[in-house]
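Please read the structure below before turning to the comments.
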Amino acid sequence: MITLIRLPLVAPIGSVNNEPVPPLALAYLASSLKKAQIEVQGIDATGLALNTIRPIPNTRLQYNGLGYEEIIQRINPKTRIVAISTTFTHEWNYVRESIIEIKNAFPNALIIGGGEHFSSIPEYCLRECPSLDFIGIGEGEDTLVEFCQTILRNEDPWKIDGLCYLMNNKFIQTPQRTRIRNIDEIPWPDWELFDIAPYFANSVSFGASFGRNMPMMLSRGCPYRCTFCSNPQMWTTRYYLRSVDDVINEIKYYIKQFQITGIQFYDLTAVVKKNWIVDFCQSLVANKIDLEWSLPSGTRSEALDGEVISWFSKTNLRYLVYAPESASSITLKSIKKQISFERMVKSVREAIRQKIVVRTNFIIGFPKENRKELYKTLWAQLKLSFYGVDEAPLFPFQPYPGTELFDYLVAKKRIVLSPDYFNSLATLSNGRLSPPDHFYSEYIGKTELFFYRITGTFLSYLISYSVRPQRILRTIKNLFFVNKTATVFEQRIKDKFRVMFRNSISK
């Protein structure tokens, strides 16, 4: 028996923009293990207690979901392997403590970690957490299936590709596993082992909510090398798309099985090939699929011309997020973001013209960004709000392991891996309304950057609502009268109301 565990969501106390979402990665792993006829248990600590938020002792952080004591009570006593997936590095201190407690309770079980955090700094994690036995690097399905089959046959796993471990205090990393090329062969996520019903019941959403929101993936990987992103470390730069037919069949299954009303695609870079996305939209029409859907993760604009935007509008794409990051050509070149900002603005304005709700994500505080280049982003943020963008938030730069900028800051001795570093990343969360512990700009102080972020975000929403006052009525309607939202702003307010209401009832 193997137990897959999704630990609770960790965020700053009082955070307003850290919403739990269904554990898509673990649901994929579960389906692959089942296909290999491996007995598997799933524990979604967040989904089992969506409205439970508790402080983490001796920190300024909180967790949303079951604590590790409650998780341990749910682990099957026959478990031989415990697999834990972690994406966000700011959660590491709590993850480490949880792994230690699980190992104490199940000393004979092997614990394997996976996900972007573990893939980015495997040796550090293994040395800082001796209770962690193995780490799987990168794409996990094939690695975990082979690992489990090997252990359950009582054989040694030391030569399995894609593993990291310590042997006689020596760090060993086996050859990187070849990426899965035909991703249609990966079975669809298992939403029975990881029960998605609580997320439906609470209209939980990564982006804007359409009621019963189903998370999905169209692709894997990203062909680009942005210096603030750990994608090359996790996925390499190989980009694979599913077939349109496989995606359509999965949607049809969810409509029948779960009565979904909306789809959210969580892809790193969903739209790269114009022909594919046009074929997909045409298939939605041909199959009479009339769901609302969104691209909430932030996409590029190269393939988003007038034709594509028109197909988006025809097929009920309601929420489209662009990720320009910066309006400065100098900053874009520095972070290796290979886009034309002017072209993206043209695409954004076309989407607005076709009545799609648009969000643009910007980042400020890159190490080498000076005031002149930052002001270009601030001005662009306000102009886009005036043009009709619903949301144009400013995110503080966060130096995550596995990224080129992280390595740069380590070399400059601006970062030292320690518990304080991991907690400081949490304070950079954009749900936090007080200054972070650190900023990493070489030209601008953290207080000044925090002022720009708060002021810019406030002004962008002020412009959005004052220039188009009908949005005020829309927001009131969505907050109080319908089971949907148009923006993340509306959704997070609704989430806050939900938790407060449920907690008041429980008391």
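The values are calculated or read from the model by the stated rules, or taken from the named source; none is laboratory data. All of these numbers come straight from a predicted model, not from anything done at the bench. Counting neighbours? That spans all protein chains shown, and the Cβs are built from the backbone with ideal geometry, glycine included. Note: areas computed on protein heavy atoms with side chains; ligands, DNA, RNA excluded. Shrake-Rupley method; radii C 1.70, N 1.55, O 1.52, S 1.80 Å.
Numerical summary
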{"read-out": "Neighbourhood net charge (12 Å Cβ-Cβ; Lys/Arg +1, Asp/Glu -1) for residue 314", "value": "-1"}
{"read-out": "Between 0 and 90°, nearest 10: helix 341-353 axis offset from the chain longest Cα axis", "value": "70"}
{"read-out": "Distance histogram for region 412-500 (every C-alpha pair counted, 10 angstrom bins, percent rounded to whole numbers)", "value": "14, 33, 28, 19, 7, 0"}
{"read-out": "Shape category assigned to region 289-415 from the gyration tensor of Cα positions, a/c cut at 1.5", "value": "prolate"}
{"read-out": "Rounded tilt (10° steps) of 371-387 against the dominant C-alpha axis of the chain", "value": "70"}
{"read-out": "Volume in Å³ per residue [convex hull over Cα atoms, computed for region 56-139]", "value": "101"}
{"read-out": "Amide H within-cut-off set for residue 208, under 5 Å, with H built and near neighbours excluded", "value": "488"}
{"read-out": "Calculated Rg and Dmax of the Cα atoms in Å (choose from (1) 27.6, 106; (2) 22.2, 67; (3) 24.0, 81), label", "value": "(2)"}
{"read-out": "Computed [θ] at 222 nm, deg cm²/dmol, the chain (DSSP H ≥ 4; -39,500 (n - 2.57); rounded to nearest 500)", "value": "-12500 deg cm²/dmol"}
{"read-out": "Residue 59 paired with residue 330, simple spin-label distance in nm, labels 7 Å along Cα-to-beta-carbon", "value": "3.8"}
{"read-out": "Förster-model FRET efficiency, 25 Å R0, residue 278 and residue 238, C-beta, rounded to 0.05", "value": "0.65"}
{"read-out": "Cα gyration tensor, region 179-233 - rounded (a/c under 1.5), prolate or oblate", "value": "oblate"}
{"read-out": "Relative contact order, percent, region 149-277 [alpha-carbon distance under 8 Å, six or more residues apart]", "value": "23"}
{"read-out": "Ranked by how many other beta carbons lie within 10 Å on average, peptides 272-278, 212-218 from highest", "value": "212-218, 272-278"}
{"read-out": "Accessible area (Å², per residue) of region 1-61, counting only protein heavy atoms and a probe of 1.4 Å", "value": "36"}
{"read-out": "The chain - share of DSSP beta bridges that are antiparallel (%, nearest 5)", "value": "30"}
{"read-out": "Cα gyration tensor shape of region 284-360, rounded if a/c is under 1.5, else prolate or oblate by comparing a/b with b/c", "value": "prolate"}
{"read-out": "Packing-based ranking, highest mean first, of 130-142, 98-110, 222-234 given that Cβ atoms within 10 Å are counted", "value": "130-142, 222-234, 98-110"}
{"read-out": "Residue 166 versus residue 444: modelled label distance in nm, points set 7 Å from Cα along the beta carbon direction", "value": "4.1"}
{"read-out": "Whole-Å distance, taken between Cα centres, linking region 464-502 and region 32-89", "value": "31"}
{"read-out": "Cysteines without a disulfide-compatible neighbour (Cβ-Cβ under 4.7 Å), the chain", "value": "125, 129, 148, 164, 222, 281"}
{"read-out": "Crossing angle, helix 92-105 versus the chain [Cα axis fit, 0-90 degrees, rounded to tens]", "value": "30"}
{"read-out": "Portion, in percent, of the accessible area of region 29-116 that falls on carbon or sulfur, probe 1.4 Å", "value": "48"}
{"read-out": "Accessible area (Å², per residue) of region 392-443, counting only protein heavy atoms and a probe of 1.4 Å", "value": "41"}
{"read-out": "Portion, in percent, of the accessible area of region 206-248 that falls on carbon or sulfur, probe 1.4 Å", "value": "51"}
{"read-out": "Mean separation of Cα contacts under 8 Å, 6 or more apart, over the residue count of region 364-507: relative contact order %", "value": "30"}
{"read-out": "Part-to-part distance (alpha-carbon centres) for region 257-291 and region 145-194, which is given in Å", "value": "31"}
{"read-out": "Relative contact order [Cα under 8 Å, 6+ residues apart], the chain, whole percent", "value": "15"}
{"read-out": "Principal axis dimensions, region 228-373 - Cα atoms, whole angstrom, descending", "value": "52, 37, 25"}
{"read-out": "All lysines inside 17 Å of residue 159 as judged from Cα atoms, apart from same-chain residues fewer than 8 positions distant", "value": "170"}
